[in-house]
Every structure is written in structure tokens, then in C-alpha cells.
Amino acid sequence: MIEIKDLKKIYNGVTVVNVPHLEIKKGESIGLVGNNGAGKTTLFRMMLDLIRPERGEVLINGELVAGHENWKNFTASYLDEGFLIDYLTPEEYFYFIGGLHQQSPAHVDDFLSGLTDFFNGEILKRGKYIRDLSKGNQCKVGVASCLLQNPQLLMLDEPFANIDPSTQFRLKNIVKDLNKNKGVTTLISSHDLNHITDVCDRILLMEKGVIIKDIATSSSTLSELENYFGVEQAFAAPVKIDEEENH
Amino acid sequence: MTSTFIRHELKAFWRSKNTGKSIVIRVVMSLLILYLLVNIFVLGFFLDVVLGKVFPKDDLVISFCGIILLYFLSDLFMRLQLQELPTLRVQPYLQLPVKRNALVRYLTFTSLFSVFNLWPFMLFVPFILKIISADYSSITALAFIVSLLGFTVFNNYLALYIKRKSNLNGWVFLIAAGVIILIGLSDFYFHFISIRKISYSFFGHLTTQPALALLPVAFGGLMYYLNFLFLKSNLYLEELGSRKDIKYKSSTEYPLLSRFGSAGDLAANEIKLVLRNKRSKSALIMGLFFLFYGLLFYGKPGPAGSDGFKVFIGMFMTGIFIINYGQFMFSWQASHFDGLLVSKIKFTDFLKGKYLLFTIISTGFFVLTTPYIYFGWKTLLIHFVMYLWNIGVNTTMVLFFANRNYKRIDLSKGAAFNWEGVSGNQWILSLPLIITPYVIYWPFAFFGHADIGLTLLAITGLIFIFTRSFWIKKLEADFYTKRYTIAEGFRNK
């Protein structure tokens, strides 16, 4: 599905992304984790041809992303509010996106009725423009517009960050269902280790632009990740004190 | 605190993505201003001679006192169109321990640093020193200068007040400009009132009662205070606005446009953009204001009523939206540009949507100018030729420049503190658009074949309209070399 070759992005002499090789197979569900500044969003943006890499290339279904448009037909993504046309009402936005994929407004309405639970009555027929919605509700609009496109590849950047716990739960189920039952390849980044290990079969851990771990999710994955992110520091401090006391 | 604000503003200027472009604009602007100032200074220096020639029957001082208020009235009209509003992004300071008064004071005080406030002094002070202080006393001369100061400050803040109000509601600008034109007309056309008499009744008394100079100063102070209060209460505007605004926003569709496929959908979206955001909406309403420009010039004797001038006015009236709105393209869509790039939109359709939008709105404006047939069918013909020029050549030029615009405009922020672009600077950017038709028209008109020039303008316009698909391809290829820079600039808040 996705192949990344020798991808490198440099800002002011600092390498922010450096991925020598990465292959994602069709139907995989990938979780991307890493601290702030690890390069997750930059990697996403390069995969979507929004920024130009210094070196290397990204192929989706064997086609170069840069300079081509074909991948847009089956790729849906939501990185941030910058993806939404904020002066439209959610309905208008959905009709617009649906129209781009040759769906009639009636078809879009039909599809959206299946998302009633996910919207929790806060999106449709509220008489608000997208810009007047809260960040969490904007995220719902973004995710829903991705689902509307019937993608084969779904990319979400920190989708759990702004939404309430019930919606987080529902979103997890939706993503799992897409992946397991419809064979959609999913690529999700998050800071929530519980969610990401729950949803994804394969975890990529990024640090300073490099993928330092590529693990298949198992029962020990969560504790392994927790070790990397937190415990390291928690252990480091007492050890030092111990040494001082010993001397 | 003020010095900190100035330092922050300077940093914002130098660190912006558009610094190079802004500097070029500033340099051109300052050269123009310098030229104007020299002119005005020379005029001011010989004002006594000029007044003697223009009003040979009247006493010099009487005619001098007569023109001062007249000057300030036209000054107000100029300021409304050209004066720049001082800006500061206030939001980051609001929750900090910075006094609100300090913020507002900074905004109000910096507005005094405008060349408009130099003009009256350059124009009138030489006369006051040469004639008034010689004929009367230096106290009288001082009184004149003090009242000049008062009127200048008054005009300065009145113009800014109107501009700020009209940023929230475009009609305010139309009404204010209408009132000024009406005052002018009721003097020179209807002869109800005489501004010169009113002006003399004040400045004439000033020669005997210098203390009267405090009156305009009081007006000026009052206007300053009004501005201060308005700004201070509007520091809350962002939250107040969204809470008050509970009107139900309904969805609209434009079925006619959906016939044009994706391009039509995009154009429909952009019409919504224009109508649903204060700033873009003002651009449209300003266009309506320009429809009255013909009334000011047509039918007048001399160059103002000539066909050559109609070419200019006709282009403005049918194409003002293209110039005014188009020069900030694609910045209007900056906040969702990433979304446009990743969704299933061909850039060709994107450009076609722009052409469609411009054609629709220009057609609307052309239809609105049809009553000018009162000034002869040829006037309408010129308008039509310029309409063709606008939807053919100017749209393409505007889109060419749009590929070179990397500055974000945040439409979702309230318009009250979002003033960039409502100043003289924007006219500099539109110079190429204004000059090009003359490059074709002028040489022929000069040798007495204006009709050939006009025909050529029409033909050029038509050629561009019929070769649109070619230009769209060119623009698309150009866009692909710049898309990353544009997208990055737009992400840069």
C-alpha cells in the first residue's frame, strides 16, 4: 500500500524526519507514537504531498505521491482543523466532499444517518458554521468526512486529543471495524498509549525523526511503550541518588 | 509598554513570510509620498499667490479662511479611502498583566504617525507665517496653528472611527462617504450652503478672538476619547460577537452552479466565503461604492469626462471586485488550504472555479452600470469593453499574482482587529492591473485613433477569454512549482 524510500526532511540544518525504508501492507493498522517534535505530523504531511522532502519519495499503491493525484481517489485524511472549510455548515461541507466523490446529497444524508451515535447530536442541524464548533466537534466533522469518502487508506493525526471519552470509545470501534471488516489500511498517531495499542496491530515509535521501534502489538506492547516514555526518567533519578549515597 | 509593542510589531514585520514584498511596497509608497509632500510644500509656499489668482476680488485672508474647512472636508474623504489603520495583534496580550488602557493607547497614538497629519501643516503654515502673522499678530498666527492641530486630530480620529465601524459593517462606509459627497454637492451643485462662508465665520473670528482656537482642540480631544472608548469596549469583541450571534445558520445551495461540476461547487463555496466573512463582504460592498464613481466624472467638461477617463472608470466599476478581492487570493482560503490540497480536487477545477466566480460577479457589476447609458451609448460600450478586459486579462493577471502570495489571512478572527489591506498599500499592488489597458489604449488615443485602441482592448479581452484553457494550464504548471511555499506560508500563523 505505502512504500517510503530514503525519506528525509531537514529544517534549518536539523533533520526532523529520516526514514530510510518503510513498507506498509494493505489492510494493516499502524499506530504512530512519539513525543512532541518526533516528526509524526511532518511524516504525515510528506505522505500527503503537503511539504517537499529534501530527499526520497513516498509511493502509495506504487504511484509517487508528489506530482500525482491518483492517490487522492482512495486516501482520506484528517490532520488538523486546517483541513476543514470553516465558513461552511457541516452539512454543506459533507455535501461538498461527497460531491467530489460523485455522491448525491441524498446519498450523503443516508451515509450520515449511520453516524448519529458518533455525532451525538452535536453536528447536524445545529445551525452553526464549522468555525463556531468546538475543537472536538470539528474533529468529528473531519473524521466523518474521511469516512464519507470510502477510503482504502485512512490517516488521522491525534484524533483522540480533543474528543470526549464516549466519542473516543466510538471512534476506536469505527476504526477497528473499518480495518477488520472492510480491509481499510489505517494510520493513526496518538499520545494515548492505551488507545493506540488497543486499535493498532503494528506500532511505530518515532524519536527525533527516526523510527526506532517497529513492533507487532502483543500483550506486552503497552508496558514496553510505557517503559520507553515514562519509566526511564522515573528510574534514572533514584539511581543517581543511590550512587551518591554509596560513595 | 509602548516600546515593547513597537519592538514586537517590528519583529512581526521582519519575520513575516512576505517581508520582501512588503518592503518593495513601502519603498514605492514612500517615494510617492515624498513626491506629494514636495508638491504640497511648494503649493503651500506660494499659497498667497495662488489664492490671489483664484479669488482676485476677495481679500487674501478672507479667501484663505474660506478654504481651510473645505480642505478638511476633502481631507476626510481622502483619509476614508487611503489612511492605514494601525494594527496590533491584541489577543496574545489580553490575558497577560498588560493594562487594557496601554493597549488601546498604543493603537490610538500610533495612528497619529500618518502623512495625512503632515499635509495641512505643509499647506497652511507657510501662509500663516507669511501673511497672518504679518497682518495681525503672532498670537493670532499661533491660534491658527493650534486650530489646524485641533482639526487635524479631529479628522484623524473621525476617519479611523468610521473605518473601524465600517470594518464591522460595510454600509457605514457607504453612508459616511455619501454624507460627505452630499455636503459637497449641496455647496457646489445645489448651493444650499457655502462651506467657505462657514469656514470664514470661524476662522474670521479667530483673528479677533484667538481663544476660539481651543474649540477645535476640544473637538479633537473628544474624537480621540470616542475612539479610545470604542477600541476599549471592542477588545472583548471576539467573545461578545460569538455569544450574541445566535442566529441559526442555514445551509444554502446554488443549483445553477452545480452544473459546472467541481469548478461550480468550488465557486459556490467561494461565494459563501465572500458573503459569510466580514472582511471579504466589505470588499464586495466597497465595490458597490465604486459604482458611483461614474457620477463624479461623467458629463464633466475636460479630461474628467473624456472617453480615455471612461476606460479607467469603466475598468474600476466592472472589475473592482477582481482587483480588491483577487489581490489577496489564495489567502482567503489559507485556513483550509491543506484540506484543499489533499482532497480530490484537480487544480484545473480550482482555477476554473476562480474564473467562474470572477465572471459571475463582474457580470453583476456590469449589469449594475447599465444606467450609465444616460451619458450616451458609447459610455456603455466602453464599460462593456472593459468588462471583457476584466474577465479576460485582469482575472488571469490576478491569478498569476495569487501564485506569488504566501501570506495567511485568518478570516475566522473578528474583523474588528483584522485591518490589513484596507489602505493605500493595496492600490500599489493593483497598479499593474490599472496600467496595462493604457499601454494598449493610450498610444492610439494620443494620435487621435481612440476607437482603434478601444477595439484592440476588446479583442485582447476576447482572445484571453477564448484561450482560458491555455492560461489555466500555464497557471497550473506555475502553481506546481510554488505549491509547497504557498501551503507553508498559509500554515504560518
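Derivation of every value follows stated rules applied to the coordinates shown; laboratory data play no part. Treat the numbers as computed from the prediction; the structure is a model and nothing was measured. In this analysis, Cβ positions are derived from the backbone assuming ideal geometry, glycine residues included, and neighbour counts consider all displayed protein chains.
Within the straight-line cut-off of under 19 Å between alpha carbons, the lysines reachable from B:LYS99 are B:LYS232, sequence neighbours fewer than 8 places apart in one chain being disregarded. With a cut-off of 13 Å between beta carbons, the residues surrounding A:LEU79 carry a summed charge of -3, where Lys and Arg count +1 and Asp and Glu -1.
Packing here is the average count of other Cβ atoms within 10 Å per residue, and on that basis the peptides B:74-84, B:309-319, B:249-259, highest first, run B:309-319, B:74-84, B:249-259. Taking Cα atoms only, the orientation of helix B:100-110 departs from the longest principal axis of chain B by about 80 degrees. Ordering B:TYR325, B:TYR484 by the number of other Cβ atoms within 10 Å of each residue's own Cβ, fewest first, gives B:TYR484, B:TYR325. Look at B:TYR406, B:TYR35 and count the other Cβ atoms within 10 Å of each Cβ; fewest to most, that gives B:TYR35, B:TYR406.
Peptides B:199-208, B:116-125, A:87-96 ranked from most to least packed give A:87-96, B:116-125, B:199-208, packing being the mean of other C-beta atoms within 10 angstrom over each peptide's residues. Each residue of the range A:110-123 was assigned a 3J(HN,Hα) from its phi angle through the Karplus curve 6.51 cos²θ - 1.76 cosθ + 1.60 (θ = phi - 60°); the sequence is 4, 5, 5, 4, x, 9, 3, 4, 4, 6, 6, x, 10, 10 Hz, with glycine and proline shown as x.
Between the amide H of A:LEU7 and those of A:VAL19, A:GLU57, distances stay under 5 Å, these residues lying 5 or more places away or on another chain, with hydrogens modeled in the peptide plane.
The loop-placed trypsin sites (Lys or Arg not before Pro) in the range B:320-414, going by DSSP, that have at most 12 neighbouring Cβ atoms within 10 Å of their Cβ come out as B:ARG404.
Across peptide A:72-85, the average count of Cβ atoms from other chains found within 10 Å of a residue's Cβ is 5.
A simple rule links phi to the HN-Hα coupling: the Karplus curve 6.51 cos²θ - 1.76 cosθ + 1.60 with θ = phi - 60°, which for the range A:183-190 gives x, 7, 6, 10, 9, 10, 10, 6 Hz, with x for Gly and Pro. With unit charges on the beta carbon (Lys/Arg positive, Asp/Glu negative), name the residue among B:TYR374, B:VAL274, B:LEU215 whose Cα is farthest towards the positive pole of the charge dipole of chain B. Positive-end residue among those listed: B:VAL274. Which translational diffusion coefficient, to the nearest whole µm²/s, is obtained for chain B from the Stokes-Einstein equation, given a Kirkwood hydrodynamic radius over C-alpha pairs, 4 °C and 1.567 mPa s? Translational D for this selection: 51 µm²/s. Less than 5 angstrom separates the built amide H of A:ALA161 from none of the residues sequence-distant by 5 or more or on a different chain. Over the residues of chain B, the helix contribution to mean residue ellipticity at 222 nm works out to -23500 deg cm²/dmol, using -39500 (n - 2.57) for each DSSP H run of at least 4. Other residues whose C-beta falls under 12 angstrom from the C-beta of A:PHE44 contribute a net charge of -2, scoring Lys and Arg +1 and Asp and Glu -1. Take each residue in B:339-351, count the other chain C-beta atoms within 10 Å of its C-beta, and the mean is 6.
With everything on Cα atoms, drop me the angle between helix B:278-290 and the longest principal axis of chain B, reported from 0 to 90° to the nearest 10. Once rounded, the angle reads 70 degrees. A compact globular protein would have a Cα radius of gyration near 2.2 N^0.38 Å; the ratio found for the range A:64-182 is 1.02. From Cα pairs below 8 angstrom and at least 6 apart in sequence, can you work out the relative contact order of the range A:2-246, rounded to a whole percent? The value is 27 percent. Sequence-distant contacts, meaning Cα pairs under 8 Å at least 6 residues apart, place the relative contact order of the range B:2-244 at 28 percent. In a DSSP loop and with at most 13 other Cβ atoms within 10 Å, the trypsin sites (Lys or Arg not before Pro) in the range A:94-160 are A:LYS125.
Neighbour counts of C-beta atoms inside 10 Å place A:ARG202, B:ARG15, B:ARG26 in the sequence B:ARG15, B:ARG26, A:ARG202, starting with the fewest.
For the range A:1-59, the calculated P(r) over all alpha carbon pairs, in 5 Å bins from 0 to the bin holding the longest distance, is 4, 18, 29, 28, 16, 4, 1, 0 percent. Compared with the dominant Cα axis of chain B, that is its longest principal axis, helix B:2-14 is turned about 40°. Going by the alpha-carbon gyration tensor, a ≥ b ≥ c the square roots of its eigenvalues, is the range A:80-134 rounded (a/c under 1.5) or, if a/c is not under 1.5, prolate (a/b greater than b/c) versus oblate? Oblate is the answer for the range A:80-134, as a/c is 1.5 or above yet b/c matches or exceeds a/b. For chain B, the relative contact order works out to 18 percent when only alpha carbon pairs closer than 8 Å and six or more residues apart are counted. Taking the empirical scaling 2.2 N^0.38 Å for compact globular proteins as reference, the protein assembly as shown has a Cα radius of gyration ratio of 1.16.
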